[in-house]
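Novice: Before we start, here is the structure in question, set down as structure tokens.
No value in this document is a laboratory result; all are computed from the given coordinates. The shown structure was predicted, so the numbers you read here are calculated from the model rather than taken from an experiment. With ideal geometry, Cβ positions are generated from the backbone for all residues, glycine too; neighbour counts draw on all protein chains shown.
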Amino acid sequence: MIYTDHHVHTSYSPDSEADIKAYLIEAKGLGLDFVMFTDHIDIGTTDELFKERIDYVEYFSRMKHLQEEYDIPIQIGVEIGYEKNHKNEIDEFLEKYPFDFVIASVHYGDGKDFYLGDFFQGKNQSESYLRYFEIVKEMVQDFGNFDVVGHLDYITRYGPFEDKFYEYEVFEDIIDSILVALIQKKKGLELNTSGLRGPLGISFPKEEVLKRYYDLGGRTITLGSDAHFNDHYYAGIVEGMSQLKSLGFNEVSSFTKRIERKIII
Ligand SMILES: [Zn+2]
Ligand SMILES: [Zn+2]
């Protein structure tokens, strides 16, 4: 079995115009067994663009038709943006629809957005990164309704800092506490390959963190390109797979109806 890209945005996401049909054709060409879409739902965002909600009744029905038309199964995942004051609303939303896979991501915190940059105002780099990791930790500890944490350490993509990189050792305690909580709660981590094609040229999370997750006993890991454009579909998945193998992983995870299945790599 060829592993499917587990993090893909379509034109249903407010920040993507990617064509669903083109993804299906691409996936068939790659010989994938199914396609997974994970459009954005950001309940609690401060970014006006992301406040618009997808009509999931229409979404599920359209996907059902498309999978028949293109003769390839479509699994429906979602990337939820976590915000602690909205966690009950997020739970209610997730209960309403039969999602196959839920990625929980932190895109904002303390009422401030990373992408828009207001989160970084009044904080230096290490304060910003530490606060971000604290919010991820809160999410893992206090909110269990997800399968994997999306793009851990993605804060590094948006900070207005000249050198965006960070040393794992500086944040070792908080990162380890996130990884241990994930393992204890039987939740997984995503290897998000979008950074490999960006200016940083590294995975999210960075390799040391993936290795640490492995060393602590973490084995639930999915791979996703975070494509917002058709051209980015499956980008970095093969590379990410080799990266995981080199760190010792011999299986990766896939989810259907929120149930994990291991795939040997
Ligand atoms: Zn995201
Ligand atoms: Zn995404």
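Novice: Using only the Cα atoms of segment 18-81, construct the convex hull and provide its projected area averaged over every direction, in square nanometres to one decimal.
Specialist: Averaging across all directions leaves 4.6 nm² for the Cα convex hull.
Novice: Charges on Cβ only, +1 for Lys and Arg, -1 for Asp and Glu, centred on the Cα centroid of segment 84-264; of Tyr108, Ser128, Thr220, which one is farthest towards the dipole's positive end?
Specialist: So the residue we want is Thr220.
Novice: Excluding residues fewer than 8 places away in the same chain, name every one of the lysines whose C-alpha is closer than 28 Å to that of Lys245.
Specialist: Partners found: Lys28, Lys137, Lys164, Lys185, Lys186, Lys187, Lys206, Lys211, Lys257, Lys262.
Novice: If you rank Tyr59, Tyr97 by fewest surrounding Cβ atoms within 10 Å, what's the result?
Specialist: Tyr97, Tyr59
Novice: About the Cα centre of segment 84-264, how large is the charge dipole given +1 on each Lys and Arg Cβ and -1 on each Asp and Glu Cβ? Please answer in debye to the nearest 20.
Specialist: 580
Novice: Something else: Which one, Leu179, Leu216, Leu189, has the greatest fluctuation when you compute a Gaussian network model over the chain with C-alpha springs under 10 angstrom?
Specialist: Maximum among the listed residues: Leu216.
Novice: Please give the peptides 116-122, 7-13 ranked by average Cβ packing (other Cβ atoms within 10 Å per residue), highest first, as a rough proxy for protection.
Specialist: 7-13, 116-122
Novice: Mind running the shape call on segment 39-120? Use the C-alpha gyration tensor, a ≥ b ≥ c as the square roots of the eigenvalues: rounded below 1.5 for a/c, prolate if a/b tops b/c, oblate otherwise.
Specialist: Here segment 39-120 falls in the prolate category.
Novice: So if R0 is 22 Å, what FRET efficiency would Glu167 and Asn124 give, r being the distance between their Cβ atoms, rounded to the nearest 0.05?
Specialist: It comes out at approximately 0.90.
Novice: I've got another one for you. Run through the DSSP bridge list for segment 84-264 and note the antiparallel percent, rounded to the nearest 5.
Specialist: 55
Novice: Further question on the same structure: How far is the Cα center of segment 17-47 from the Cα center of segment 209-265, in Å?
Specialist: Rounded to whole Å, the Cα centres lie 17 Å apart.
Novice: Dividing the convex hull volume of the alpha carbon atoms of segment 98-201 by its residue count, what do you get in Å³ per residue?
Specialist: In segment 98-201, the Cα hull volume divided by residue count equals 117 Å³.
Novice: Here is a further query. Points 7 angstrom from Cα along the Cβ direction at Lys84 and Ala181: gap in nanometres?
Specialist: Result for the modelled spin labels: 0.9 nm.
Novice: With a bin width of 10 angstrom, please list the P(r) values of the chain as percents of all Cα-Cα pairs, from the 0 bin to the one holding the largest distance.
Specialist: Distribution as computed: 7, 32, 39, 20, 3, 0 percent.
Novice: Quick one: if you stick a label point 7 Å off each Cα along the C-beta vector at Ser246 and His65, how many nm between them?
Specialist: 4.6
Novice: Normalise the Cα radius of gyration of segment 174-224 by 2.2 N^0.38 Å (N = residues in it) and let me know the number.
Specialist: 1.13
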